[in-house]
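The values are calculated or read from the model by the stated rules, or taken from the named source; none is laboratory data. Please read all numbers here as calculations on a predicted model, not as lab measurements. For neighbour counting, all protein chains shown are included, and Cβ atoms are generated from backbone atoms with ideal geometry for every residue, glycine included. Just the protein is used for accessible areas: all its heavy atoms, side chains included, with ligands, DNA and RNA removed. Shrake-Rupley method; radii C 1.70, N 1.55, O 1.52, S 1.80 Å.
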Amino acid sequence: MRRFAAVLVILSLFLPSSSAFATDEAPLAGYSPRSSQSEREWETKFRAIPDTDNLREDMRRLSARPHHVGSAYDKDNAEWILARFKEWGLDAHIETFNVLFPTPKVRVLEMIEPTKYTAKLEEPALAVDPTSNQKSEQLPTYNAYSIDGDVTAPLVFVNYGLPEDYEKLERLGVSVKGAIVIAKYYHSWRGVKPKVAAEHGAIGCLIYSEPQDDGYTRDVVFPQGPMRNSDGVQRGSVMDFASASPGDPLTPGVGATPDAKRLSLQDAKSLSKIPVLPISYGDAQPLLAALKGPMAPNEWRGSLPIPYHVGPGPTKVHLKVEFNWDIKPVNDVIAKIPGSVAPDEWIIRGNHHDAWVNGAEDPVSGTSPLLEEARGLALLLKQGWKPRRTIIYAAWDGEEPMLLGSTEWVEAHAEELRQHAAVYINTDGNDRGLFEMAGSHSLEQFINGVARDIEDPEMKMSVWQRAHLSAIAQAKAEDRKELRQRADLRIDALGSGTDFTGFLDHLGIASLNLGYGGEDEQGIYHSIYDDFYWYTHFSDTDFVYGRALAQTIGTSVMRLADAEVLPYDFTDFADTVHKYSKDLQKLLSDKQEEIRERNQELEEGVFKATLDPRRPTVAPQHEEVPPHLNFAPLENAAETLTRSAERYQKALAQRQAELGETPEETLRTLNAKLIESERRLTNEDGLPRRPWYKHLLYAPGVYSGYGVKTMPGVREGIEQKRYAEADAEIVRVAKALENEAALIDSASALLEKQ
Ligand SMILES: [Zn+2]
């Protein structure tokens, strides 16, 4: 699965007169001048290898049949990928875990009042789309890890189903207690919707794809266009991974090996609390059209030709879902290239291979480039390239149900990964457009550097330059100056939603999540129409961005694997930490101001005066203004970190010319410290109420799902009004940053005394 990227608006349509690629640059960070020269030569050779015909044929093969967890073609694909790795001469194997994977047995949705309607719950085959008719192999439309349930109740429309939507409902005097809610997809990860609904007393949850979000409002619908048609349904997991943990719900924290101790189904913490079912807008429309009660607030209304009422009722629905709660195998395909000098330092690269159905876009548009990278690296090995570090290529299974294959692998190999893993690079599909960078900020400078060396297939400038200019075009006025002056583009922090989660959040392995996209609208996500026909008509149809992705990630893997000193940088990181600290202080003061203002309006009688007696609303409650928190420890730690980062940067620059003569012993010690730098940002006790999440700087939000919460203990403490907890979390984050600074200082000392 993957976040839903908003389509970009490209305002700048000029081309540079000359290429941005020079060959006489300064040596690469972490490389001596001589090894930098040789590295650039190998990388240039590599980038000539990925081939668009191969990418197309690999996609055709991998997406030819439905290949969800436990299906015959999922296993077949894993074996085919394994055979490719071996054919290229790589040391590869399949690693299998046994996980809980529910599939639907009964799905009923009917409106019983005020009129009768039985939902179709079916995506029809389309004559023009040759794989859409593989009915016997397709998973029906459903949300995995919904509990079984049989409920009948009035319906309430809850917008996107987020906490703030329920605050609005309260103001409208509408309760969802004992009701079934219907929420729109998007604006949060889908599993947040049933979670919040259950917290407010709802007994069932429907999630529908609103045409305004990925249907006819945005572009022509499939098969004439790329968007979701009236029968299209978004499948997807509703496992509550953000509050508990991703991966197999029966073996949290340990690999789901045959002899692993398993929880009983009743004790699994990450299942939904109420039954959930996803539906098309074709099935949603009659239900919504029959609703009465208050009109939905303006911004809640979609583009169906109906008045959007909130309810409750008179629409009354019967929802029944039952699942086969089976244990199924997931087959991760792992290939290893041993390092020639530092085999104990690992660079890991992954993309999943399982899909909800045929999954040409998600995930095969990322799996095919991964294969081209592996083929390319294998070719270079035959030509004499000897990577310094060990490289591991992984095609994960079971990502869609909730990161099953990668999480189980991470948990099973936790000890050795903690010792050896330097960086994990993830992709999850690929489209046409801008280079999108997200990840650990100690890698911000590194990935900016790679992006400067990759050519954009459409604009013939570097993908960095295109991303930079597009960022300027879209920036708010106050951000443009920084964009023009700062050397590196800021990269986004990582939330979740794909396979980096176990690496980064559980073990503290510096991670990147990369991809191209943003130029094409798409409305086939997790439907039977995400297939080869759709991809080759509406996305990267000539696979040039697939090639660019293989070039980008392959270059990244090589550059990380070959550097004498791992190319982490802490100056951008320290800068980001400062920014997060300021953001949190602003979050608190905005919240104080908002509550102070609302309390004053309550005293002034504003709510009473503005009430429309014919459309009564409920005034909000008086609320205590949040207390001040002590951000001093965080600010001080950020200062310390900045000084350490600058010292390290200087020490490394001064050593660069002689890096080639540095004793291996010293390099080994230095790199071990660098590898540890991301681990220092974790805490063994984990985040409050979710100990599986150990990173103190990045985590998926309990109420946003895939969306990141930076310094999550502090941020969610403020958002959820646990102020004492936020204060304590500030101290914990500050301590981790002080420890980080001490580690960086010890790395600097190693470079300085040589
Ligand atoms: Zn995916």
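Report the Stokes-Einstein translational diffusion coefficient (µm² s⁻¹, integer) for the stretch 570-670, Rh taken as the Kirkwood radius over Cα pairs, at 4 °C with viscosity 1.567 mPa s. Don't skip to the answer; put the middle values down first.
Values: Rh = 18.5 Å.
It diffuses with D of about 70 µm²/s by this estimate.
What are the ³J(HN,Hα) values, in whole Hz, obtained from phi via the Karplus relation 6.51 cos²θ - 1.76 cosθ + 1.60 with θ = phi - 60°, for each residue of the stretch 237-254 in sequence order, with x given for Gly and Pro?
Karplus values, whole Hz, x for Gly and Pro: 7, 10, 4, 7, 5, 6, 8, 10, 7, x, x, 4, x, 8, 10, x, x, 10.
Between F543 and residues 5 or more places away or on another chain, which pairs have amide H atoms under 5 Å apart, with H built 1.01 Å from N, and which residues are they?
Amide H neighbours of F543, under 5 Å, 5+ apart: none.
Can you count the Lys pairs in the stretch 250-387 with C-alpha separation below 26 Å, eight or more apart or on different chains?
Value for the stretch 250-387: 14.
For the stretch 31-92, what is the accessible area per residue in Å² when the probe is 1.4 Å? Can you show the working numbers first?
Numbers: 2820 Å² over 62 residues.
On a per-residue basis, the stretch 31-92 sits at 45 Å².
Which value in nm describes the separation of the simple spin-label points at A48 and L602, placed 7 Å from the Cα toward the beta carbon?
Taking the two extended label points, one gets 7.2 nm.
Report ³J(HN,Hα) in whole Hz for each residue of the stretch 644-649, in order, from the Karplus equation J = 6.51 cos²θ - 1.76 cosθ + 1.60 where θ = phi - 60°; Gly and Pro get x.
Once rounded to whole Hz, the list reads 5, 5, 5, 4, 5, 4.
Using the heavy atoms of the protein chains alone and a 1.4 angstrom probe, what is the accessible area of the stretch 282-372 per residue in square angstrom? Could you put the intermediate results ahead of the total?
Working: 2440 Å² over 91 residues.
Result: 27 Å² of accessible area for each residue.
When the Karplus curve 6.51 cos²θ - 1.76 cosθ + 1.60 is applied with θ = phi - 60°, which whole-Hz ³J(HN,Hα) does each residue of the stretch 657-670 get, with x for Gly and Pro?
Values, residue by residue: 4, 9, 4, x, 9, 5, x, 3, 4, 5, 4, 4, 4, 4 Hz.
Over the alpha-carbon set of the stretch 27-170, work out the extent along each principal axis and list the three values in angstrom, largest first.
77, 42, 36
Which values, in whole Å and largest first, are the semi-axes of the equivalent ellipsoid of the stretch 470-603 obtained as the square root of 5 times each eigenvalue of the Cα gyration tensor? Before the final figure, lay out the partial values.
Numbers: eigenvalues 245, 128, 63 Å².
Three semi-axes, in Å: 35, 25, 18.
Based on Cα positions only, what radius of gyration and what Dmax would you give for the chain, in angstroms?
Radius of gyration, then largest Cα-Cα span, for the chain: 26.0, 83 Å.
Would you work out what percent of the accessible area of the stretch 616-734, with all protein chains in place, is carbon or sulfur (probe 1.4 Å)? Mind dumping the intermediate values first?
Details: 2690 of 5210 Å².
In the stretch 616-734, the share of accessible area belonging to carbon and sulfur is 52 percent.
Report, as a whole number in µm² per second, the diffusion coefficient that Stokes-Einstein gives for the stretch 632-696 at 10 °C and 1.306 mPa s using the Kirkwood radius over alpha carbon pairs. Walk me through the numbers on the way to the answer.
Details: Rh = 14.4 Å.
So the translational diffusion coefficient is about 110 µm²/s.
Leaving out ligands, DNA and RNA, what percent of the accessible area of the stretch 226-361 is carbon and sulfur, probe 1.4 Å? Could you put the intermediate results ahead of the total?
Numbers: 2370 of 4220 Å².
So the carbon and sulfur contribution to the accessible surface is 56 percent.
Please report the carbon-and-sulfur percent of the accessible area for the stretch 79-194; probe 1.4 Å, protein heavy atoms only, DNA, RNA and ligands left out. Intermediate values should be presented prior to the final figure.
Values: 2470 of 4700 Å².
After summing per-atom areas, the C and S share lands at 53 percent.
So for each of 215-228, 434-447 I average, over its residues, the number of other beta carbons within 10 Å; can you give me the resulting order with the highest mean first?
On the way: 215-228: 19.5, 434-447: 24.9.
Answer by packing, highest mean first, reads 434-447, 215-228.
Restricting the calculation to Cα positions, tell me the Rg (one decimal) and the Dmax (whole number) of the stretch 110-252 in Å.
Reported Rg and Dmax, both Å: 16.8, 50.
Please compute the volume of the convex hull spanned by the alpha-carbon atoms of the stretch 124-164 and report it per residue in Å³.
Working: hull volume 7.6 nm³, N = 41.
Value for the stretch 124-164: 186 Å³ per residue.
Binning at 10 angstrom from zero up to the longest distance, how are the C-alpha pair distances of the stretch 398-508 distributed in percent?
12, 36, 30, 18, 4
Measuring with a 1.4 Å probe in the full set of protein chains, what accessible area per residue, in whole Å², belongs to the stretch 93-179?
On the way: 3780 Å² over 87 residues.
So the stretch 93-179 comes to 43 Å² accessible per residue, rounded to a whole number.
Any chance you could look up the accessible area of I334 with a 1.4 Å probe, heavy atoms only, rounded to 10 Å²?
I334 exposes around 10 Å² with every protein chain in place.
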